[in-house]
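A.B. asks: Quick one: the structure is below, questions incoming.
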Amino acid sequence: MTRAPLPSTPLPRALFWVAAIYALAWSLVPPFLAPSFPLDIVESLGWGREWQWGTYKHPPLPPIALHVFYVAFGRFGPFILSQLCVGLTLWLVWLTACRLVSRDRALIGTVLTMGVVFYTRPALEFNHNIAQMPFWAGICYFYLAAWQDGKLRQWLALGLMAGVGLLCKYSVGLLLACLAIFTVLTPARSVLRQPGPWLATAAMAFAFAPHVLWLHQNDWLPFAYARGRTAKVGASPQMGALSFLLTQVLNHLPLLLVLLFAWARTRFTKQLPPAQSRWQIHSSQPRYLLLIALGPGLVLVLVGLLAGVRLRDMWGVPIWPFTGLLAASLLPAAWITSMRPYLLRGITVWLVLISLLSGSYLAYVHDWRKRPVRSDWPAAALAQQAEQTWNQLSTCPLDTVAGDAWTAGLIAINSPSQPSVLLFGDPRFTPWVTAERVQRHGALWAWRPEDAEDGEPAPVAVLQDLGSYPGMQMKEGTWSIPWPRAQKQQPLVVQWRAFVPAACERR
């Protein structure tokens, strides 16, 4: 299948300036406003430095990418990576749109994508959902390109994009399932007689195979975690699915308001010409556009309704990159020219507004809440105190920090020694810390008394008998660390226990 050539309409230069300023602001300003990272970033940084083919929660690619960006750009790295994901997603939406609609509609549809809240405020916390965004859009683009042009390199790119996307999060499989059903039930099934789809399948399997091997060697741990996250709601699974759907609609509210503003502005200034057909989808492939814009989200809601699966609101983050394009395709042809400047202006106002609100939240949230949020924790001071304590007791660098993902993670990512994290719970969660490693290099165990019964959590097997290991010295104490930005809170209290091998003991 071939596509007709599209008219070349120049893109407004101001649009690039707005996009560049927005991306720079969201990459460079947050680290100055927040003393600490959100939980997902701290947890992922603890995983990424170990270069494993998987974690007990998710596939490995986002933590590894996050670690690389953190090493390269420091505290700016996670925010730069998030904006890179958003920018790549918009670029791939644009490429897809240019194959489905006119360039004017493609521009409007791409810009309207930023009217979905998921592409703004949640991007401050890079996680597996944010990492999926460009892969979700890229899979849709390469499928369309391969379907239209039939080139083997496009099928190969589709397969690699799918395989690497699955290394971000398994939920990419939902999109792949929708595309497979579309292929079988529409005229696109003719491609199954060609080598391209099978090449794509082989490439996907090749990219995903190392993680499958890791899953086999580690008892399929992420699926046990997923079963807990998707446990049945109970008496009313329908309410959970409907709540998820309502949340997705609310996250589209800015997009809908921008459309309403542009329509009202042109109508009441009598710039809006009469429309011949208001509800026609102006696209060369309307069914495909409907599929990629709405299909996965509706299928997910259906699964929640019928199977009673508990749906998490943030699962919707990567699945809506083409709703703005669908909205643009529904606009009557006679309205495009009149509404275009107001649509672009409306999105610009929205981005300025959400930027100011997000910045204000990061800067002043400590004045609004009784308890500090995670982004207000004294991360640097906590790590400095841990390093100072360890160096007073040991001549060896701090190699392992034990504790929960938050407390131990904050120490690990901010410590100059860059220690590994040993999580409590199942020892398979952090297989890189073995008993032999701790016996040789020692470990620092830190916890908050309020997070444990009787003020002390039960240690994992790696630490249980460490105090009786020959030559191992055990010291303990308490840190009292003031909160940053002069918060009116009692100091943060953290208890610690150090296990120092005889060969490292400072005398």
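The values are calculated or read from the model by the stated rules, or taken from the named source; none is laboratory data. The structure presented is a predicted model; accordingly, all values stated were derived computationally and were not measured. Positions of Cβ are generated from backbone atoms using ideal geometry, with glycine treated the same way; all protein chains shown enter the neighbour counts.
A.B. asks: Report the residue count in region 337-391 for those that are surrounded by fewer than 17 Cβ atoms within 10 Å (Cβ to Cβ) and closer than 30 Å to Ile281 by Cα.
C.D. replies: 4
A.B. asks: Can you find a residue that is of a type outside the set (Ser, Thr, Tyr) and at pLDDT below 75 anywhere in region 422-431?
C.D. replies: So in region 422-431, the residues of a type outside the set (Ser, Thr, Tyr) come out as 422-429, 431.
Remaining after also requiring at pLDDT below 75: 425.
So far as region 422-431 goes, yes, one or more of its residues are of a type outside the set (Ser, Thr, Tyr) and at pLDDT below 75.
A.B. asks: Report, ordered by the first and then the second residue, all pairs with beta carbons closer than 7 Å, sequence separation of six or more or different chains, a first member in region 407-434 that is in the same structural domain as Ser36 (by TED's automatic domain parsing) and free of Cβ contacts under 8 Å to residues at least 12 places away in the same chain, and a second member that is surrounded by fewer than 19 Cβ atoms within 10 Å (Cβ to Cβ) and not hydroxyl-bearing (Ser, Thr, Tyr).
C.D. replies: Every condition considered, no pair remains.
A.B. asks: Looking at (1) closer than 30 Å to Glu450 by Cβ; (2) out of contact with any Gly (no Cβ under 9 Å at 6 or more places or on another chain); (3) in a helix (DSSP H, G or I); (4) in contact (Cβ under 8 Å) with a residue 40 or more places away in the chain, can you tell me which one Pro372 breaks?
C.D. replies: All conditions pass for Pro372, except number (3).
A.B. asks: Can you tell me which residue among Ser338, Ser329 is in the same structural domain as Ala137 (by TED's automatic domain parsing) and over 25 Å from Tyr141 (Cβ atoms)?
C.D. replies: Within the list Ser338, Ser329, the selection yields Ser338.
A.B. asks: Quickly run through region 353-369 and pick out the residues that are of a type in the set (Ser, Thr, Tyr) and touching a residue at least 40 places away in the same chain (Cβ under 8 Å).
C.D. replies: Those that are of a type in the set (Ser, Thr, Tyr) and touching a residue at least 40 places away in the same chain (Cβ under 8 Å): Ser355, Ser358.
A.B. asks: Counting only residues that are among the charged types (D, E, K, R) and at pLDDT 90 or above, how many does region 10-27 have?
C.D. replies: 0
A.B. asks: Just the residues that are buried (at least 22 other Cβ atoms within 10 Å of the Cβ) and assigned to a loop (DSSP other than H, G, I, E, B), please, taken from region 404-429.
C.D. replies: Correct list: Pro419 only.
A.B. asks: Given the residues Trp350, Trp320, which is the only one that is part of a loop (DSSP other than H, G, I, E, B), in contact (Cβ under 8 Å) with a residue 12 or more places away in the chain and within 27 Å of Gly87 (Cα to Cα)?
C.D. replies: Trp320
A.B. asks: Another one. Can you tell me which of Ser82, Ser44, Ser36 is among the hydroxyl-bearing types (Ser, Thr, Tyr) and not in a helix (DSSP H, G or I)?
C.D. replies: Working: Ser82 fails: not in a helix (DSSP H, G or I); Ser44 fails: not in a helix (DSSP H, G or I).
Being among the hydroxyl-bearing types (Ser, Thr, Tyr) and not in a helix (DSSP H, G or I) holds for just one of Ser82, Ser44, Ser36, which is Ser36.
A.B. asks: Okay, next question. Which residue, of Val164, Val116, is modelled with pLDDT of 95 or more, within 25 Å of Leu257 (Cα to Cα) and out of contact with any Lys or Arg (no Cβ under 9 Å at 6 or more places or on another chain)?
C.D. replies: Val116
A.B. asks: Can I ask one more? Of the residues in region 393-435, how many are of a type in the set (Asp, Glu) and either closer than 20 Å to Trp377 by Cα or more than 26 Å from the chain's Cα centre (by Cα) (or both)?
C.D. replies: Let us first name the residues in region 393-435 that are of a type in the set (Asp, Glu), namely 399, 404, 426.
Those still in the list that are either closer than 20 Å to Trp377 by Cα or more than 26 Å from the chain's Cα centre (by Cα) (or both) too: 399, 404.
Residues meeting the conditions: 2.
A.B. asks: A follow-up question, please. Test of understanding: among Ala97, Ala131, Ala106, which residue is in the same structural domain as Asp40 (by TED's automatic domain parsing) and touching a Leu at 6+ places or on another chain (Cβ under 6 Å)?
C.D. replies: Checking each option against the conditions leaves just Ala97.
A.B. asks: Quick check on my filter: what residues within region 196-223 are aliphatic (A, V, I, L, M) and either surrounded by fewer than 14 Cβ atoms within 10 Å (Cβ to Cβ) or modelled with pLDDT of 95 or more (or both)? Outline the logic, then answer.
C.D. replies: Step one: list which residues in region 196-223 are aliphatic (A, V, I, L, M), which gives 199-200, 202-205, 207, 209, 212-213, 215, 221.
Within region 196-223, Leu199, Ala200, Ala202, Ala203, Met204, Ala205, Ala207, Ala209, Val212, Leu213, Leu215 meet the criteria.
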